[in-house]
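Novice: Here you go, one structure.
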Amino acid sequence: MKCAHNQCGKEFTPRTHNMKYCSDECCRTATNEKLRDAYYEKKDRLAGKKRVCKTNGCDVLLSRYNEGKICSKCENAKRTSDRNEIIEMVRSVTGKTSKA
Ligand SMILES: [Zn+2]
Ligand SMILES: [Zn+2]
């Protein structure tokens, strides 16, 4: 499989089923990068840097108090569609079992 560290991407044979990186070095580097990204993101947010909703076609400015990456409108829309999917799933399952 491919190393999950995007600057590496080397093919390797995992020794354990949950191995994501080709080496300890990659694991450490990738983890540090993730922490650094999270740190800067938080810093930007608290500094009041403008951030826009990550949803395609939506460029609503995010409030600095919004810890997420999408606006509350998209968040609600996503939640509704997730719920509808679950309802559909339950309906299809119960529809089958009621016949039996
Ligand atoms: Zn690697
Ligand atoms: Zn949005």
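The values are calculated or read from the model by the stated rules, or taken from the named source; none is laboratory data. In this text the structure is predicted, and so the values were computed from the model without any measurement. Here the Cβ positions follow ideal geometry from the backbone for every residue, glycine too, while neighbour counts run over all protein chains shown. Just the protein is used for accessible areas: all its heavy atoms, side chains included, with ligands, DNA and RNA removed. Shrake-Rupley method; radii C 1.70, N 1.55, O 1.52, S 1.80 Å.
Novice: Among the listed residues Cys74, Cys58, Cys53, identify the single one that is in contact with an Asp or Glu (Cβ under 9 Å, 6 or more places away or on another chain), farther than 30 Å from Cys8 by Cβ and more than 16 Å from ligand 1 (Cβ to nearest atom).
Specialist: Cys53 is the lone residue from the list that is in contact with an Asp or Glu (Cβ under 9 Å, 6 or more places away or on another chain), farther than 30 Å from Cys8 by Cβ and more than 16 Å from ligand 1 (Cβ to nearest atom).
Novice: Right, here's the next one. Based on what the data block shows, is Arg15 outside any helix (DSSP H, G or I), touching a Leu at 6+ places or on another chain (Cβ under 8 Å) and not acidic (Asp, Glu)?
Specialist: no
Novice: Which pairs turn up if I take residues in region 15-32 that are open to solvent by less than 30 Å² (accessible area, probe 1.4 Å) and look for partners that are in a helix (DSSP H, G or I) with beta carbon separation below 6 Å, at least 6 apart in sequence or on another chain?
Specialist: Pairs that qualify, where the first residue is open to solvent by less than 30 Å² (accessible area, probe 1.4 Å) and the partner is in a helix (DSSP H, G or I), are Tyr21/Cys27.
Novice: Tell me, which residue of region 51-100 that is among the aliphatic types (A, V, I, L, M) and in a helix (DSSP H, G or I) is nearest to Tyr40 (Cα to Cα)?
Specialist: Restricting to residues being among the aliphatic types (A, V, I, L, M) and in a helix (DSSP H, G or I), the top hit is Ala77.
Novice: Quick one: in region 18-28, of everything that is part of a loop (DSSP other than H, G, I, E, B) and under 11 Å from Cys3 (Cβ atoms), which residue is modelled with the lowest pLDDT?
Specialist: Met19
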